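Starting off with a structure, shown below.
The values are calculated or read from the model by the stated rules, or taken from the named source; none is laboratory data. Model, not experiment: these values are computed from the prediction. Quick reminder, even Gly has a Cβ in these numbers, built from the backbone with ideal geometry, and neighbours come from all protein chains shown. In case anyone asks, the SASA skips ligands and DNA or RNA and just uses the protein heavy atoms, side chains included. Shrake-Rupley method; radii C 1.70, N 1.55, O 1.52, S 1.80 Å.
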Amino acid sequence: MADARTVKIIRAAFREIQKLPPVDLQRIYQILHRLSQGDTRQTKALKGFDNLLRTRLGKWRVIWQRADNNIVVIKAGLRGGVYDDAFDERERSHTQIIEELLYPQGTALEENPAYQWNREQDTDWYRFVYGSYRYSPILTNYQRNILDEPLRMLCSHCQPTTVYQFEDSSCIVIQSAPGTGKTVCATLFACEIHRNFGWNTMLIVPEALRRDISEFSEVKTALTQENFWLGTFPQWLTKINPEFNNRLASDQEELEALRQALKYSRPTNITNNDVLLYQAFVLDDKQKARDKNVMYQVNSHRVKNLLNISKKHFYKALSCRISRSDAAKILQNTLNINPSNSECTLLIIDETQDYLLSELQAIISVCKSWATQGHQTYLWLLGDLNQRIQATDFSWSQLRIKNSIELVRNYRNSRQILEFANQFWEVAKKITSENKCKELPLPANPKHAFETGENVRLLKCATMSEAISFLDQLAKKCGNEENQRYLLRDLAKAVKILSKSRLNSHDNLVILNPEKAKGREFEACVAFCLFEGQGKPTLEESFQWYTLLTRARSRLLVVATTAEIRRLSDSGYDFFQKCESIDTQGAINWISEVVSDADLNQITDDVQQRLLKRCEIGYMYWDTYLALQFAGVENAELYKWETQAITLLKKHKYQHLKSELQKTQNIHLRCLLLRAMELSWQAVTEAASLKDTDFPEYKYLLKAIAKDLEAKSLPYEAARVRSHIYNGNYQQNLPFWQDVNSQLNSHKPLVTILCQSFTSRLEHLLSSGEH
C-alpha cells in the first residue's frame, strides 16, 4: 500500500457532497479514507489523462486529480451518465467533460477554493462536511504568490540587529473587496510566521470572527504554543495595559450614557452610530480636514445636534467606565510595555474600517514605541472601507501608510452576484462625490470572480404582509424535509435571511442583520426587504446593502415590495433590470435546494432548546452530542442539559425508548437513553467501549451516571460507578465500602454484598467476644 496522502476538496465538490443523505455521505467518506491511505482499488484514469481519476465503491463515485502526493477531489456522489461514459470509454469525444473537470466553474482547478481533510484530525466526517471544513482552508496559487513578497520582507528582517525602527515597510494596509480572502490569508500568514520564526503574533478581530478563526486547524495548534494570541480589540487593550481591566465601556453602556446625557439637552433619537459620531467629532475635537471626511459631511446635521450634548454629562453617565475615544488617549501613553519575550512582533488587525481614527493612530504609536525600545514590530491593517456599516471617521490616507497589498480575485461571489451588488457601491460613490470627499476604494471586479453563476432572482411582493407570508411558507418548506433526525444537516439546509429589520424567528431560517452577516458567507441567501425607507438612499444604507448582498456565494434571491422598488426608481435607480423574476413557489424551491454550512452562531444561541424539544417528542437528533459540542456545551452545563433531557425522555413509554436505543450506535446517546430507562449499569457497560480510546469522555459519562444515582439517594451504587473510573482504587467514607469495592466486578446484587458484609462483620464481633 502506498504512503498516506493529503486530501483536498474543492468547494464545488462540497456542494454535491452536502446534498447527499447521511448513508451516501458515509460511502464518500469510505472512498476518501481509502485514497488517503494510498489504497487505489477500483480506480481508473481518464484515457489520455493519467492524473485525472475516478474511484468507485458500488454506485458511489469520486473523481479526483493526482497532484504530487495530494488528492484533489473534483466531484463526488452517485454514479451518473456522462462521467461514467467518459471513464468507461463509451463515448469518443470527452472535450467538454475534460474542460469541466480541469476548469470547474470555468476556473483553473488550482484556483478553485479548496479545503483540506485530515483523517487524523477531522475524525468526524459528518461534522467536517456540515461546517468544520471551513476551518481548514487552502490558499490558492494566486493568494500564495501575493503573500510571498511580504514573507520575503519579514524574512530579511529576522536577522538580529542593534537598532530597530518602525519604518514605512513595517506597516502594510490590505484594502480588498469582499470575498477576496483577506482574513484567511492574514490568519494563515500569521500562523506561518509564528511556526517558522517563533515571533510574537497577535490577531485582533471582531468577536463574531474570533470564534470562527479560533477553530482553524492551524490556529488551534498555534494557540497551544507561546507567543500566539487571538482576541478582540478590548481584550487586546486589557492584555497590554491592565488599567483597562473591567473598566472598558461596552457599546450598550456608551449608548445608554449618551441617552442619559441627552436628557439635559434637546431631545432626539440616539443610535449606536450617534455614539461613534459623538466620540469622533465631539469628544475628539482636534480632528482636522472635516470637510474631506465623508462620514462628517453626510452626518453633519447629526453632529450639529450631538454638539449640544455636554461632555460632562456624558462622562458622568459613564461613571468609571472608559469610552472608546478615551481608551485611545490612554493607549497613546501605553508606550513602555514590551509585548513579549520574543524578538519580533507581528500585529494584525482585521475589519479595520470599524475603528475610530484615534484608535488606529494610537495603535500605530504603540508599535512605534515597541520598535524604539528594541522590539521589531510589524503592523498589518485589513479592511474594506466599502463595508463601513458603522459611522467610523477615518480614511486610509489619514494614516499615511505607504505600503499596501491588494487581493483582486474574488473567491466567494459569482460574477452575477457581484454585478448586482456593485450597483449599490455606485450609490455610495455618487454620495461621496456629491460631498466632494475622497474617492472610495474600487469594489471587486466581476471579471475576477471564479465562477459565472446563476442570475440573481427577484421576487416582487405587493405588500410587506405578502413578503412576510413568503418567509412563513419558506420556513414551512424547510421544515418538511424527509430527514429530520440530523440537526447539523437541518441547520445547513436552513435558509440564510439577510435583513435590516427585526423578524420573527423560525427554526428553519437564520436571520442575519449587517453586524451578524459581515465577515461571513453562505452558499445561498435571501435579501429580504432591504430597501425599506423614505427618500433617496443614504451612504449608510448603500454600505449596508453592498455588505449584505456580497454574503451569497452562488445563489441570491431578492425579496422586495412594490414600495421599495418605487423608492429606488424615484431616486433614479433601476437595480433589478438584469434580475430574473420568479414567483413565490419557484423562489421557495430554488433557494431551498442549495445546502449551506451549519450556522455555528445559530447553534450557540438555541441548540439546547431545539434538542430538548426533540426529547419532548421522543425522537432525538442522532447528532445530538455533536451539536452540543459545536455549541460549546460541556461539563456542568452539559450535565444540566442531560438532566432536563432525561426528565423529558422518561415521559415516554419504555418500549419507545428501547426502539430509539436500537436505532443509534452513538455511545453518548445510548448512555443517555439507558439512563432515562433507569438502566444505569447497562449505561456503564456501554461507556466502557470508550475507556481505551477516549478516556476523558469515558470518565465524564461515568461521573454523570454516578450523579444520577446520588440524586436518587443511592450512594453505594454511585460510589461503585465512580470506582470503575479508577480501576477499584477509589476511597469512599461509607460503611462496608471496602467489602463492596473489593467485589467491584462481581455480578452479585449490592444488597447481597452488603448483607454478606454485615453478617461477616457480625460473626467476627461475636467470635471475638466484642459487644
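Could we say that Arg675 is buried (at least 20 other Cβ atoms within 10 Å of the Cβ) and closer than 25 Å to Gln609 by Cα here?
Details: buried (at least 20 other Cβ atoms within 10 Å of the Cβ): yes; closer than 25 Å to Gln609 by Cα: yes.
Considered against the rule, which asks whether it is buried (at least 20 other Cβ atoms within 10 Å of the Cβ) and closer than 25 Å to Gln609 by Cα, Arg675 comes out as yes.
Please go through region 103-117 and give me each residue that is open to solvent by 30 Å² or more (accessible area, probe 1.4 Å) and modelled with pLDDT of 85 or more, ordered by number.
Of everything in region 103-117, those that are open to solvent by 30 Å² or more (accessible area, probe 1.4 Å) and modelled with pLDDT of 85 or more turn out to be Tyr103, Glu110, Gln116.
Starting from region 574-589, take each residue that is among the hydroxyl-bearing types (Ser, Thr, Tyr) and list its partners that are modelled with pLDDT of 95 or more and part of a helix (DSSP H, G or I), counting only C-beta distances under 6 angstrom and pairs at least six apart or across chains.
From region 574-589, the pairs are Thr584/Phe470.
Moving on to the next point. Residues in region 362-385: is at least one without any contact (Cβ under 8 Å) to a residue 40 or more places away in the chain, hydroxyl-bearing (Ser, Thr, Tyr) and in contact with a Leu (Cβ under 6 Å, 6 or more places away or on another chain)?
The answer is yes; a qualifying residue exists.
In this structure, does Asp291 turn out to be open to solvent by 90 Å² or more (accessible area, probe 1.4 Å) and among the charged types (D, E, K, R)?
Answer is yes for this residue.
Quick one: which of Leu714, Leu701, Leu690 is touching a residue at least 12 places away in the same chain (Cβ under 8 Å) and farther than 20 Å from Glu660 by Cα?
After applying the criteria, what remains is Leu690.
Yes or no, residue by residue, for (1) touching a His at 6+ places or on another chain (Cβ under 6 Å); (2) part of a loop (DSSP other than H, G, I, E, B); (3) open to solvent by 40 Å² or more (accessible area, probe 1.4 Å); (4) over 24 Å from Glu351 (Cα atoms):
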| position | (1), (2), (3), (4) |
| --- | --- |
| Ala186 | no, no, no, no |
| Cys191 | no, no, no, no |
| Leu203 | no, no, no, no |
| Arg210 | no, no, yes, no |
| Ile213 | no, no, no, no |
| Val219 | no, no, no, no |
| Leu237 | no, no, no, no |
| Ala257 | no, no, no, yes |
| Phe281 | no, no, no, no |
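Which fully enclosed helices (runs of 4 or more DSSP H) of region 530-627 have 2 or more residues being over 23 Å from Lys19 (Cβ atoms) and of a type outside the set (Ser, Thr, Tyr)?
539-549, 562-570, 600-617
Take Ile417 and decide whether it is among the β-branched types (Val, Ile, Thr), assigned to a helix (DSSP H, G or I) and within 27 Å of Leu20 (Cα to Cα). Quick ask: steps written out before the conclusion?
Numbers: among the β-branched types (Val, Ile, Thr): yes; assigned to a helix (DSSP H, G or I): yes; within 27 Å of Leu20 (Cα to Cα): yes.
Yes; evaluated as a whole, the condition is true for this residue.
Same structure again: Quick one: how many residues across region 485-524 are open to solvent by 40 Å² or more (accessible area, probe 1.4 Å) and under 26 Å from Thr180 (Cβ atoms)?
5
One residue is enough: does region 214-233 have a residue meeting the conditions within 30 Å of Ser325 (Cα to Cα), modelled with pLDDT under 95 and β-branched (Val, Ile, Thr)?
Within region 214-233, not a single residue is within 30 Å of Ser325 (Cα to Cα), modelled with pLDDT under 95 and β-branched (Val, Ile, Thr).
Okay, next question. I need the full set of residues from region 120-162 which are open to solvent by 60 Å² or more (accessible area, probe 1.4 Å) and modelled with pLDDT under 85, in order please. Step through it out loud before you land on a result.
Start the filter on region 120-162 by keeping residues that are open to solvent by 60 Å² or more (accessible area, probe 1.4 Å), which leaves 120-121, 123-124, 141, 144-145, 149, 152, 156, 159-162.
The answer is Glu120, Gln121, Thr123, Asp124, Glu149, Arg152, Ser156, Gln159, Pro160, Thr161, Thr162.
Among the numbered conditions (1) buried (at least 18 other Cβ atoms within 10 Å of the Cβ); (2) more than 25 Å from the chain's Cα centre (by Cα); (3) more than 19 Å from Lys182 (Cβ to Cβ), tell me where Arg415 comes up short.
The single condition Arg415 does not satisfy is (2).
Also, I was wondering about something else. With respect to Ala718, is the statement that it is in a helix (DSSP H, G or I) and open to solvent by 20 Å² or more (accessible area, probe 1.4 Å) true? If you could, list the steps in order and put the result at the bottom.
Numbers: in a helix (DSSP H, G or I): yes; open to solvent by 20 Å² or more (accessible area, probe 1.4 Å): no.
It is false that Ala718 is in a helix (DSSP H, G or I) and open to solvent by 20 Å² or more (accessible area, probe 1.4 Å).
Which of the residues belonging to region 552-600 are among the small types (Gly, Ala, Ser) and more than 26 Å from Lys516 (Cβ to Cβ)?
Ser569, Ser571, Gly572, Ser581, Gly586, listed by residue number.
Return a yes/no flag: does region 63-70 have any residue that is part of a helix (DSSP H, G or I) and either open to solvent by less than 60 Å² (accessible area, probe 1.4 Å) or in contact with a helix residue (DSSP H, G or I) (Cβ under 7 Å, 6 or more places away or on another chain) (or both).
no
Does region 589-604 contain any residue that is over 30 Å from Gly535 (Cβ atoms), among the polar types (S, T, N, Q) and open to solvent by 60 Å² or more (accessible area, probe 1.4 Å)?
Yes, region 589-604 has at least one match.
What is the residue count in region 646-663 for residues that are open to solvent by 40 Å² or more (accessible area, probe 1.4 Å) and within 35 Å of the chain's Cα centre (by Cα)?
Summing the residues that are open to solvent by 40 Å² or more (accessible area, probe 1.4 Å) and within 35 Å of the chain's Cα centre (by Cα) in region 646-663 gives 3.
Quick check on my filter: what residues within region 420-458 are touching a strand residue (DSSP E or B) at 6+ places or on another chain (Cβ under 9 Å) and assigned to a helix (DSSP H, G or I)?
Phe420, Ala421, Pro446, His448 - these are the residues of region 420-458 that are touching a strand residue (DSSP E or B) at 6+ places or on another chain (Cβ under 9 Å) and assigned to a helix (DSSP H, G or I).
Sticking with this one: Could you count how many residues in region 294-316 are part of a helix (DSSP H, G or I) and open to solvent by less than 30 Å² (accessible area, probe 1.4 Å)?
Step one: list which residues in region 294-316 are part of a helix (DSSP H, G or I), which gives 294-298, 300-306, 311-316.
Add one more test, that the residue is open to solvent by less than 30 Å² (accessible area, probe 1.4 Å), and what stays is 294-295, 303, 306, 314.
Count: 5.
For residues that are among the basic types (Lys, Arg) and outside any helix (DSSP H, G or I), scanning just region 1-58, find the one that is surrounded by the most Cβ atoms within 10 Å (Cβ to Cβ).
Of everything passing the filter in region 1-58, Arg54 is surrounded by the most Cβ atoms within 10 Å (Cβ to Cβ).
Kindly indicate whether Arg321 is within 30 Å of Pro178 (Cβ to Cβ) and either open to solvent by less than 50 Å² (accessible area, probe 1.4 Å) or touching a residue at least 60 places away in the same chain (Cβ under 8 Å) (or both).
So Arg321 does not fit the description; no.
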